[in-house]
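Scroll down for the structure; my scribbles are underneath it.
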Amino acid sequence: MILVTGATGTVGRLVLEGLPAHRAVRVLARDPARVGPAREGVEVVRASYQDRTGLRQALTGVSRALLVTSRVAGDDDAAFLSAAREAGVRQVVKLSAAAVLDAGAQDLITRWQRDSEAALTSSGLGWTLLRPRSFMSNALSWAPSVRAENVVRALYGAAPNACVDPRDIADVAVRALTEDGHTGRAYVLTGPRALSAVEQTRQLGGVLGRPLRFEELEPAQARASLLRRHPEAVVEALLDSALRQRAGAKVQVLETVRAVTGAAPRPFLAWARDHAGAFAPPAPLPAHGAGHAVTRAGDGRRPLC
């Protein structure tokens, strides 16, 4: 039995979709309704990391688990690992971040990620660490301004990042959850090329068939925007991460995705083509009586890594 946590998030959802149909799969979710329609045979257990009874139910009979946590500086990893040991889980595949290897990264988020990794590697459980760079899907945070103004706004537009397609992260996770030979391994996952936000804007505009303008945010503007969504300590961590990117800390490209999956990592251009609908402007209102509904994709983001 494989347990998937984080199945309502970017990577967990893709892992759930990518697991082979013949494997027994269970999902841990605080709100099962958000998991969406699962394939036949997937069991969904309602529980949180702080619900020991629910955790015990979710982990019973599980041999391998995908662990995704997001409560910065919380003890969700420790709670899950304790229950996993009691349940006899053999291997935990943990979603972390590439920043843990950067000695210059001492922000709140990275320190928490390092502590979470240490909790797993010292737990006595088999472990695999996934350390991706920034998700290509972070570009979805630009969708509202692209739709409305044909504008991308971001910090440090010339700073490159070897961002990775979440589908590649999920593909590596599926391999680690279904194959032997990944225990005790830490995989740093990047895309095929380090790109700046300016270059991403140019490529996205080409896909959309209309010119996009890049506007660089001042740090104060970025801070004010982030404070509307995150606690101050998290905002400072994200701004520190952006500074490290400007200093060149995130340019290294690795062949890990190809080495694990046998397939080349997807470029940003492919990601943009596959998600172009999220950036499309609203369709004109239908003529009176036409009655056509218009839907738009939502935004998604993940902190810089």
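The values are calculated or read from the model by the stated rules, or taken from the named source; none is laboratory data. The model shown is predicted, which means the values in this text are computed figures rather than measured ones. In this analysis, Cβ positions are derived from the backbone assuming ideal geometry, glycine residues included, and neighbour counts consider all displayed protein chains.
What the table shows:
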quantity: Answer residue from region 156-169, given it is of a type outside the set (Gly, Ala, Ser) and closer than 15 Å to THR256 by Cα and is surrounded by the most Cβ atoms within 10 Å (Cβ to Cβ) among those; calculated: VAL164
quantity: Residue check for ARG23: among the basic types (Lys, Arg), outside any helix (DSSP H, G or I) and in contact (Cβ under 8 Å) with a residue 40 or more places away in the chain; calculated: yes
quantity: Lone unmet requirement of (1) in a helix (DSSP H, G or I); (2) without any contact (Cβ under 8 Å) to a residue 40 or more places away in the chain for VAL92; calculated: (1)
quantity: Residues being surrounded by fewer than 19 Cβ atoms within 10 Å (Cβ to Cβ), in a helix (DSSP H, G or I) and in contact (Cβ under 8 Å) with a residue 40 or more places away in the chain - total across region 245-266; calculated: 2
quantity: Answer from ARG111, ARG13, ARG85 - the residue that is in a helix (DSSP H, G or I), touching a Gly at 6+ places or on another chain (Cβ under 7 Å), on the phi < 0 side of the Ramachandran plot and surrounded by fewer than 20 Cβ atoms within 10 Å (Cβ to Cβ); calculated: ARG85
quantity: Restricting region 41-65 to residues that are in a loop (DSSP other than H, G, I, E, B) and of a type in the set (A, V, I, L, M), the residue that is modelled with the highest pLDDT; calculated: VAL62
quantity: Checking ALA103 against (1) hydrophobic (A, V, I, L, M, F, W, C); (2) over 27 Å from VAL188 (Cα atoms); (3) free of Cβ contacts under 8 Å to residues at least 12 places away in the same chain, the condition it does not meet; calculated: (2)
quantity: Any hit, region 203-220, residues being aliphatic (A, V, I, L, M), surrounded by 20 or more Cβ atoms within 10 Å (Cβ to Cβ) and part of a loop (DSSP other than H, G, I, E, B); calculated: yes
quantity: Residue count, region 45-55 (criterion: surrounded by fewer than 20 Cβ atoms within 10 Å (Cβ to Cβ), out of contact with any Gly (no Cβ under 8 Å at 6 or more places or on another chain) and under 17 Å from LEU67 (Cβ atoms)); calculated: 4
quantity: Whichever residue in region 170-198 is farther than 30 Å from VAL92 by Cα and out of contact with any helix residue (DSSP H, G or I) (no Cβ under 8 Å at 6 or more places or on another chain) and, among such residues, is surrounded by the fewest Cβ atoms within 10 Å (Cβ to Cβ); calculated: VAL198
